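What follows is a set of notes on a single structure, which appears directly below.
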Amino acid sequence: MDEEIIKLVNIRKIYFLGKVSIEVLKGIDLTVKKGEFVAIMGPSGSGKSTLLNIIGCLDRPTEGRYILEGVEVTERDDRELAEIRNRKIGFVFQSFNLLPRMPAWKNVELPLIYTGVNARERKDLAMKMLEKVGLLERAEHRPSELSGGEQQRVAIARALINTPSVILADEPTGNLDSRSGHEVMEIFKSLNKEGATIILVTHERDVAKYAERVVTIKDGICQDGCF
Ligand SMILES: Nc1ncnc2c1ncn2[C@@H]1O[C@H](COP(=O)(O)OP(=O)(O)O)[C@@H](O)[C@H]1O
Ligand SMILES: [Mg+2]
């Protein structure tokens, strides 16, 4: 279980806004191994989402190297990056990002639509993922008919359906009351026990304590430990 899934070497990110530029990440070095559950902490504005978006191939660093399962991601073009993202990354956002008109199971099968898996198999898999997050009996419910915690569990099922190499979660409990938040974190914990690699961003210690390893971003640099 010592296989490196993610290796970031001297990652820098500078945002250019007209004549102004801000350097958010100033040389991040981070390695994540298969099966790890890592929490990235840091105050608001410290660059947590910026870093997670780079790891999730939603954004590119200004400088530095990113190796995902042995592949140099930084050398890929946009089309290849999108493909890597679809195959290897499962993303869970603070705001769930579910399609409101679709029942839960259709939201869950969405990442498989363009992969050539047939409709029957897609639905079977979606149902299996909903069962994993304890929502099988809610499969036909639309997002508006579900609680916030249930909606986030649907989003987790969606993130799992393409058996990603890593699950990324950006403040997944940020829109939830504390009880639903803990329910969602228990799901991440049990997925990790089954072998899933998880990287979670949070500014809350209560949430970070579910992870086995905490790293903190401070002044654009990343260090192991909680500060
Ligand atoms: N697309 C962008 N363009 C310009 N500045 C940005 C952009 N995204 C984030 N920032 C800035 O980068 C800094 C870090 O943002 P972010 O990564 O969202 O922090 P966190 O998730 O830790 O709150 C903030 O100062 C934010 O305003
Ligand atoms: Mg953020």
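For the range 41-52, 3J(HN,Hα) computed residue by residue from phi via the Karplus equation (6.51, -1.76, 1.60; θ = phi - 60°) reads 10, x, x, 4, x, 7, x, 4, 5, 4, 5, 5 Hz, glycine and proline entered as x. If you line up the long axis of helix 119-132 against the longest principal axis of the chain, both from Cα atoms, how many degrees apart are they, to the nearest 10? Its long axis makes an angle of about 80 degrees. Put a dot 7 Å past the Cα of Lys33, heading toward its Cβ, do the same for Glu186, and the two dots end up 2.9 nm apart.
If a/c stays under 1.5 just call it rounded; otherwise compare a/b with b/c (prolate if a/b is bigger, oblate if not). Do that for the range 71-227, with a ≥ b ≥ c from the square roots of the Cα gyration tensor eigenvalues.
Since a/c reaches 1.5 but b/c is at least a/b, the shape of the range 71-227 is classed as oblate.
Computed in the context of the full set of protein chains, the accessible area of the range 4-224 at 1.4 Å probe radius has 48% of its extent on carbon or sulfur.
Quick check on the chain: of the DSSP beta bridges with both residues there, what percent are antiparallel, nearest 5%? It would help to have the intermediate numbers written out before the result.
Working: 22 of 38 bridges.
Antiparallel bridges: around 60 percent, rounded to the nearest 5.
Separation of the range 180-227 and the range 1-69, taken as the distance between their Cα centroids, equals 15 angstrom. Label positions at Arg12 and Glu140, each projected 7 Å from the Cα along the C-beta direction, are separated by 5.8 nm.
Computed from the Cβ-Cβ distance with R0 of 41 Å, the FRET efficiency linking Arg179 to Ser21 stands at 0.45. Which of the residue pairs Lys88/Lys209; Lys34/Lys132; Lys33/Lys209; Lys193/Lys218; Lys132/Lys218 have a Cα-Cα distance greater than 24 Å in the structure shown? Where the Cα-Cα span goes over 24 Å, the pairs concerned are Lys88/Lys209; Lys193/Lys218; Lys132/Lys218.
The values are calculated or read from the model by the stated rules, or taken from the named source; none is laboratory data. Just so it is clear, the structure is predicted and the values come from calculations on it, not from any experiment. Counting neighbours? That spans all protein chains shown, and the Cβs are built from the backbone with ideal geometry, glycine included. When the accessible area is computed, the model is the full protein with side chains, heavy atoms only, and any ligands, DNA or RNA have been set aside. Shrake-Rupley method; radii C 1.70, N 1.55, O 1.52, S 1.80 Å.
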